[in-house]
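Heads up, the thing below is written out as C-alpha cells.
The values are calculated or read from the model by the stated rules, or taken from the named source; none is laboratory data. Predicted model, so just to flag it, every value in this text is computed and none were measured. Quick reminder, even Gly has a Cβ in these numbers, built from the backbone with ideal geometry, and neighbours come from all protein chains shown.
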C-alpha cells in the first residue's frame with residue numbers, strides 16, 4: 001500500500017505518486033484491483049531518489065541517468081562512485097571553462113604526495129584544478145602545505161566512507177549507499193568545517 | 001585605467017563596467033576628464049566580487065550584503081567568517097526545514113569530542129544536523145566513528161585555513177581572504193574527496 005510506503009519512508013503519499021508519474025520510482029506491483037504492493041527495494045529506491053532530488057538538488061533527468069546506470073547489469077563499486085560523482089558535478093564545479101595545465105599539474109602533484117591512483121578523466125581532478133585557478137586570481141594563494149592539508153582531510157573522509165560500505169553485502173544496495181554518501185558528504189564536510197573555522201577564529 | 005585593471009585582474013573590461021554599474025565595485029577615481037584610476041583596493045575588491053559571483057554563485061544582492069558587512073568599521077576575524085558562512089549557506093544547506101533536536105545533539109557531541117567551542121547559532125551546526133537527518137531517512141546511517149572522521153578532516157582544513165591568514169597583516173585584506181577561502185574551500189574539499197574515493201574504490 002502506498003500509505004505504508006509513505007509511513008515507512010517519511011515521504012508523503014502525494015510525493016510518492018509524483019515520483020512514480022515522473023518515472024523515477026517504479027510503480028508498485030498491483031496484486032488486486034485495489035491493492036498495490038511496494039517491496040523493500042521500492043523503499044530503498046524512494047530514499048535514494050529523495051536524497052538526490054532534495055539534498056543533491058539534481059534534476060529529474062539527472063536522477064533518471066543515475067538510476068539507469070545503477071540498474072545496469074554487472075555494476076561495480078568504482079563505476080558507482082563515478083556515476084555519483086558525475087551526477088553531482090554541476091553543483092560543485094567551481095568555474096566555467098577548462099582548468100589550466102599548471103593547475104592540473106599541481107593537483108597531480110598533491111595526489112601523488114597523498115599516494116592516490118586515479119585516471120586523468122577523474123572529475124575531482126578537474127574540480128580541484130578549477131579551484132586552484134580561481135584562487136590564483138583571487139588574492140588567496142593556495143601553497144602546497146595548504147593543499148596537502150586539504151588532501152589529508154579528503155583521504156580521511158574517503159577512507160571512512162569506504163569503511164562504512166564494508167558491512168553492506170548486497171551489491172545493488174552498496175551502489176545506492178555510495179550514491180547517497182557522495183551526495184551527503186559534501187554538505188557534511190561544509191557544515192563541520194564551518195564549526196571548526198569558528199572555533200579557530202575565536203581562539204585567535 | 002580600466003584597461004590596466006582588466007589586465008591585472010584577468011577580468012574583461014566589459015565585466016568590470018558591469019560590476020560598477022551593479023554597485024558591487026566602486027567606480028574608479030576620476031583624475032581628469034578622460035582618466036579614471038583604480039587602486040590596489042579596487043583590484044582586491046574585484047577579485048573578491050568575481051569569486052563570490054562565479055565560484056560561490058551568489059546573487060548580486062548577496063554580494064552587496066557581504067561587501068557592506070566587510071566595510072563596516074571595527075570588523076573582526078570571527079565576524080568575517082560568520083559573514084562568509086551565512087552568505088554561502090544557500091548553496092550548502094542540505095534540506096529545507098529545521099534540523100531535529102536529536103541531530104543537533106549528535107553534532108554537539110561530535111564537536112565536543114573534536115574540542116570545538118562555538119555558539120548554538122552557528123550555521124555549520126544546522127547544516128551538519130540536516131545532513132544527519134537526511135542520512136537517517138536515506139538508508140545510510142552515519143555512526144559516531146564516521147562522523148568523527150569527518151570532524152577530524154574539518155579540523156585539519158580549518159587549521160590550515162587559519163595558518164594561511166597568519167601572514168596577512170592588514171585587517172581588511174584578511175577579511176577578504178577569509179571570505180574567498182570560505183568560498184573556495186568547499187569545492188576544493190569536494191574535488192579532492194572524489195579523487196581519494198576513486199583511489200579507495202579501485203583498491204577494494
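Table for the structure above
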| item | result |
| --- | --- |
| Residue check, residue A:73 in a loop (DSSP other than H, G, I, E, B), free of Cβ contacts under 8 Å to residues at least 24 places away in the same chain and touching a strand residue (DSSP E or B) at 6+ places or on another chain (Cβ under 8 Å) | no |
| Segment B:183-203 residues that are more than 7 Å from every other protein chain (Cβ to nearest Cβ), paired with ones that are assigned to a helix (DSSP H, G or I) (beta carbon under 8 Å, 6 or more apart) | B:183/B:51; B:183/B:52; B:183/B:55; B:183/B:84 |
| Candidate set from segment A:45-70 (those that are assigned to a helix (DSSP H, G or I) and in contact (Cβ under 8 Å) with a residue 60 or more places away in the chain); member that is surrounded by the fewest Cβ atoms within 10 Å (Cβ to Cβ) | A:70 |
| Selection within segment A:3-35 - in contact (Cβ under 8 Å) with a residue 12 or more places away in the chain, over 23 Å from the mean Cα position of the chain (by Cα) and crowded, with 16+ Cβ neighbours inside 10 Å | A:5, A:28 |
| Test for residue A:103: is it out of contact with any strand residue (DSSP E or B) (no Cβ under 7 Å at 6 or more places or on another chain), closer than 22 Å to residue B:57 by Cβ, at pLDDT 80 or above and buried (at least 19 other Cβ atoms within 10 Å of the Cβ) | yes |
| From B:117, B:149, B:163, residue being modelled with pLDDT of 85 or more and more than 7 Å from chain A (Cβ to nearest Cβ) | B:163 |
| Lone unmet requirement of (1) over 19 Å from the mean Cα position of the chain (by Cα); (2) at pLDDT below 85; (3) buried (at least 21 other Cβ atoms within 10 Å of the Cβ) for residue B:82 | (1) |
| Residue under evaluation residue B:135, criteria (1) over 20 Å from the mean Cα position of the chain (by Cα); (2) surrounded by fewer than 20 Cβ atoms within 10 Å (Cβ to Cβ); (3) at the interface with chain A (Cβ under 8 Å from one of its Cβ atoms), criterion not met | (2) |
| One residue from B:152, B:163 being in contact with a helix residue (DSSP H, G or I) (Cβ under 7 Å, 6 or more places away or on another chain) and more than 12 Å from residue A:185 (Cα to Cα) | B:152 |
| Selection count, segment B:28-43, where residues are assigned to a loop (DSSP other than H, G, I, E, B) and in contact with a strand residue (DSSP E or B) (Cβ under 7 Å, 6 or more places away or on another chain) | 2 |
